[in-house]
Amino acid sequence: MPITNALTTEIHRVSILDEHGQFDAKLGEDLIPNNDLIKLYEEMSLCRKLDEIAFKLQRSGRMGTYPQNMGQEANSLGAAYVLNQDDWLVTCYRENCGLFHRGLPPEKILLHWMGDERGNNIDPKLCITPIAVPIGTQMLHATGLAWASKYRGEKRIACTFFGDGATSEGDFHEAMNFAANLDIPVVFFCQNNHWAISVPGRIQCSAPTVAQRAIAYGMDTIQCDGNDIFAVVYCMRKAVELAREHGRPFFIEGVTYRLGDHTTADDARRYRDEEEVELWRQRDPIIRVRNYMKQLGIWDDSKEAALMEQVEAETAAIVKRAESIEAPDSDDFFNAMYAEIPPDLDLQRRTRRTSSIGQDPSQIERPQTSSR
Amino acid sequence: MSERIIEFRDALREAMSQEMRRDPRVFLLGEEVAEYDGAYKVSRGMLEEFGPRRIIDTPISESGFAGLAIGAAMLGLRPIVEFMSWSFSLVAADPILNNAPKMLYMSGGQFGCPIVIRGNDGAGGQLGSTHSWCVEGMFSNVPGLKMAIPAFPDDAKGMLATAIRDDDPVFFLESERLLAMKGHVPEGDYYVPFGKAVVRRPGTDVTLVSFGRPVHFCLDAAEELAKEGISCEVIDGRTIRPLDIDTIVKSVKKTNGCVVVDQSWSFGSPGSEVAAQVHAHCFDDLDNHVMRVHSADVPSPYAANLEQEYLPNARRIAEAVRSALYVA
């Protein structure tokens, strides 16, 4: 028998507005109306400013470890822009911009990173899951949420975000396999920011694209310039159509770059060349939209100055709101353990002692509440 | 009380089927649960009744289907996840330990996780050490979950039905060695509340406390010891989390002696927890320190004779009781 070809495939890469200001009018026409573009630009600017402030809050001891989102704003924002309000957004920790677009009060993000679980207690109407810090686990939850929506006969879909590093995790492969085999409407959005903390992409994956991993699972896939909000929106529209109308999963690799450190506990200068970072600064998703809007004549320096002033005031107010929330009471850590508190835990709660087993609670004086 | 006698595995299925008829949010997923009726035939006939939408064969992908079920539970469904063996839950440790029991806590109270994870737990089937894990020692350490371990067919039904109705994640441990055991099981709705231990055999000289299959070893030992004039009270704990320490304490205050029998390894186990709590509550009532009988501190042996010796068998329990009572 002759050797025949079992499969030939290709990965499409979408770029509409590049860093030199070149705009593909054919692909980009009517994709984002000008009024929306201005709004998206303002949202990215606010997110960027809050990111800078969060970094400073951490450095001055007012916040815990924080992962900066700088440079990656367009991916989650473009996705949230295309999704319906009741589609699930199942994110990790570099999707602030998309979460804010959905309606998450920004002080919730600050509260979370200040070390307060209540930052993840999000209005259920927003259809946002808690920020997932273990790598990759949220992809399975997204698959389950979308599967449950399908089970209930709803037209909702889920969109889950993860980094290039997460695509080496078993959970990634198990979620992809499930979604493809069981026809689950999930959009898998990989923010390929080139670095898994200090490990570069070429050491994580020998394939030339992350997008091609989806082919192995029989899933449609595409790569886009993740710093180009137009390209992200274009790919998301394709993904959402397939998921909502045909119940199929879709994979998007948004090629982007982590301009900041992995988190505030990291110093990327120790392992990254400044030239590489500088190259990506030129490809900033915010700068190119600003230049494009100026080209169109819908933006100018005075509007920019006014926006910066507004963003300054708004972020200051966000920080103030986050810091004005009272520290949780030590009762709180027992209250969300079970639907109904079991007797042994209730004893610990009432006595504020974890070593009180065997003691008569009535004989233990309850110490005064101490706040942090 | 019904006089109907059925097998332990049928009791499990009856609980699942009745809850699925009652509540459309309940579904079952796992390896081989549909077409094959389950590796241990617990889900026999369920595909036929409920169809592939609710009885779902999964790829061999424990982390995958456990994680998917958690997502579905977050949206308000009530998944029953079958692990062919709890031994295989080890590759799903992140979803079942790092997500399910803390979802409510980490979402500030927003997302509960009403999921039942069930499957075969423990040694005795000569399955070798990698397939004979007894997970109660490891997993009961984690707050936020509940752990149920039935020893009799009626409890299998009543406790599983309670687990499915529970709003928190329940780890439900079934011994493959008990699946063919027959017993009276009530028809219709039947629920056994969590956190309520039961005295399986009343006695006066010493309290034996156990969970799951070793309860039967305790009953065997009590029978033997009765011939020597030693009267054992045998307590079946039923749930490890929540633990019904009150029933145990009440018994120990009566007998003044306690032997805890637990099929997990001794270090940091349900047995050590019960012993510590009994010491704390009954310090002045005890005539001897609490004795513990566990599996030997080695991987579960493959050889049949060694496996029996490895488990906390009736002979070893009887020795511990004599020692507790200072009988040479």
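Coordinate range of the alpha-carbon atoms in segment B:214-321 per principal axis, descending: 42, 33, 23 Å. Cross-link pairs exceeding 26 Å between alpha carbons, from the set A:Lys155/B:Lys157; A:Lys108/A:Lys294; A:Lys26/A:Lys294; A:Lys39/A:Lys108; A:Lys39/A:Lys320: A:Lys155/B:Lys157; A:Lys108/A:Lys294. Scanning chain A for GluC sites (Glu not before Pro) lying in DSSP loops with no more than 10 further Cβ atoms inside 10 Å, the longest uninterrupted stretch between such sites is A:30-325.
Of all beta bridges that DSSP places with both ends in the protein assembly as shown, some 15 percent have antiparallel geometry. By the gyration tensor of its Cα atoms, with a ≥ b ≥ c the square roots of the eigenvalues, what is the shape of segment A:100-149: rounded for a/c under 1.5, prolate for a/b over b/c, or oblate? The shape class here is oblate.
Using the Cα gyration tensor of segment B:31-103, with a ≥ b ≥ c the square roots of its eigenvalues, what is the shape: rounded (a/c below 1.5), prolate (a/b larger than b/c) or oblate (neither)? Oblate, because a/c is 1.5 or more while a/b does not exceed b/c.
With a Förster radius of 30 Å applied to the C-beta separation of A:Lys26 and A:Asn5, the computed FRET efficiency comes to 0.40. Helix B:270-282 and the long axis of chain B differ in direction by around 50°, with both axes built from C-alpha atoms. Per-residue SASA remark: A:His20, around 140 Å² accessible (1.4 Å probe; ligands, DNA and RNA not included). The accessible area of A:Ser76, taken with all protein chains in place and a 1.4 Å probe, comes to roughly 0 Å².
In loop segments of segment A:6-101 as defined by DSSP, the trypsin sites (Lys or Arg not before Pro) with at most 16 further C-beta atoms inside 10 Å of their C-beta are A:Arg62.
Among the residues of segment A:86-132, those with an accessible-area drop of 40 Å² or more from chain alone to full protein complex, heavy atoms and 1.4 Å probe, are A:Glu117, A:Asn121, A:Pro130.
Computed over chain A, the convex hull of the alpha-carbon atoms projects to a mean area of 24.7 nm². Against the longest alpha carbon principal axis of chain B, how many degrees, from 0 to 90 and to the nearest 10, is the axis of helix B:62-74 turned? Result, in degrees: 80. For segment B:1-90, the set of chymotrypsin sites (Phe, Trp or Tyr not before Pro) satisfying both a DSSP loop assignment and a count of at most 13 other C-beta atoms within 10 Å is given as B:Tyr36. Per residue, the solvent-accessible area of the protein assembly as shown (1.4 Å probe, heavy atoms of protein chains only, all protein chains present) comes to 41 Å².
Residues of segment B:70-100 whose accessible area, computed with a 1.4 Å probe over protein heavy atoms, drops by at least 30 Å² once all protein chains are present relative to their chain alone are B:Gly71, B:Met74, B:Leu75, B:Leu77, B:Asp94, B:Asn99. When DSSP assigns beta bridges and you keep just the ones with both residues in segment A:13-323, what percent turn out antiparallel, to the nearest 5? Antiparallel bridges: around 10 percent, rounded to the nearest 5. Computed over protein heavy atoms with a 1.4 Å probe, the carbon and sulfur contribution to the accessible area of segment B:5-184 reaches 51%.
Output the antiparallel fraction of DSSP beta bridges having both residues in chain B, as a percent to the nearest 5. Mind showing how you got there, number by number?
Working: 8 of 41 bridges.
Here the antiparallel bridges make up roughly 20 percent for chain B.
Computed from label points 7 Å out along Cα-Cβ, the spacing between A:Arg152 and A:Ala327 is 3.8 nm. Between B:Val91 and B:Asn141, full extension at 0.36 nm per residue minus the direct alpha carbon distance yields a gain of 16.2 nm. Principal axis extents of the C-alpha atoms in segment A:69-132 (largest first, rounded to whole Å): 30, 28, 17. Sorting A:Asp267, B:Asp244 on solvent-accessible area from highest to lowest, probe radius 1.4 Å, gives A:Asp267, B:Asp244.
As a calculated quantity, the FRET efficiency between B:Thr130 and B:Phe283 at R0 = 51 Å, using C-beta atoms, amounts to about 0.80. The chymotrypsin sites (Phe, Trp or Tyr not before Pro) of segment A:243-342 meeting both criteria, a DSSP state outside H, G, I, E and B (loop) and at most 16 other C-beta atoms within 10 angstrom of the site's C-beta, are A:Tyr271. Overall dimensions of segment A:138-249, expressed as equivalent-ellipsoid semi-axes from the Cα gyration tensor (√(5λ), whole Å, largest first), are 24, 16, 12. Put simply, the amide H of B:Cys258, placed in the peptide plane, has neighbours under 5 Å in B:Thr207, B:Met291, leaving out anything fewer than 5 places away on its chain.
Each 10 Å bin from zero up to the one holding the largest Cα-Cα distance in segment B:177-225 carries the following percent of pairs: 18, 46, 31, 5. For segment A:86-196, what class follows from the C-alpha gyration tensor (a ≥ b ≥ c being the square roots of its eigenvalues): rounded when a/c is under 1.5, otherwise prolate if a/b is larger than b/c, else oblate? Oblate shape, in that a/c is at least 1.5 and b/c is the bigger or equal ratio. Within chain B, the ratio Rg/Rh, alpha carbon atoms throughout and Rh by Kirkwood, equals 0.97. Between exposed GluC sites (Glu not before Pro) in chain B, where DSSP calls loop and at most 14 other Cβ atoms lie within 10 Å, what's the longest gap? That gives B:36-186 as the longest site-free run. Roughly speaking, what is the centre-to-centre gap between segment B:131-189 and segment A:213-284 when only Cα atoms are used, to the nearest Å? Their Cα centres are 45 Å away from one another. Rounded to the nearest 500, the 222 nm mean residue ellipticity of chain A from helices alone is -13000 deg cm²/dmol, with -39,500 (n - 2.57) taken per DSSP H run of at least 4 residues. Using only Cα atoms and rounding to the nearest 10 degrees, what angle (0 to 90) does helix B:314-324 make with the longest principal axis of chain B? Here the helix axis deviates by roughly 50 degrees. Taking every protein chain into account, the 1.4 Å probe leaves B:Thr58 with about 20 Å² of accessible area, to the nearest ten. Expressed as a whole percent, the accessible surface of segment B:257-315 that belongs to carbon and sulfur atoms is 60, based on a 1.4 Å probe.
Once the convex hull of all Cα atoms in the protein assembly as shown is built, its volume per residue stands at 191 Å³.
Based on C-alpha pairs under 8 angstrom that are at least 6 apart in sequence, chain B has a relative contact order of 16 percent. Legend: translational diffusion of segment B:5-184 by Stokes-Einstein, Rh = Kirkwood radius over C-alpha pairs, 37 °C, 0.692 mPa s; D = 205 µm²/s. At a Förster distance of 41 Å, what's the computed FRET efficiency of A:Ser302 paired with A:Arg62, Cβ-Cβ distance as r, to 0.05? Working from the Cβ atoms, E equals 0.75. Here the 3J(HN,Hα) profile of segment B:247-261, calculated from phi with Karplus coefficients 6.51, -1.76 and 1.60 at θ = phi - 60°, is 5, 5, 4, 4, 5, 5, 5, 7, 8, 6, x, 8, 10, 9, 10 Hz, Gly and Pro shown as x. Chain B against chain A buries an accessible area of about 3600 Å², both chains summed, 1.4 Å probe radius.
Of the residues making up segment B:5-29, not one loses 30 Å² or more of accessible area when the isolated chain is joined by the remaining protein chains, with a 1.4 Å probe.
Summing charges over neighbours of B:Pro153, with a neighbour being any other residue whose Cβ is under 12 Å away from its Cβ, gives -1 when K and R count +1 and D and E count -1. Of all complete DSSP H helices in chain A, those with a Cα span along the helix axis of 18 Å or greater and a mean Kyte-Doolittle hydropathy of -1.0 or more are A:34-59, A:137-151, A:229-246, A:301-323.
The values are calculated or read from the model by the stated rules, or taken from the named source; none is laboratory data. Computed from a predicted model, the values in this text were never measured in an experiment. Cβ sites come from the backbone with ideal geometry, for glycine too, and all protein chains shown count toward neighbours. Accessible surface is based on the protein model in full, side chains and every heavy atom, while ligands, DNA and RNA are left aside. Shrake-Rupley method; radii C 1.70, N 1.55, O 1.52, S 1.80 Å.
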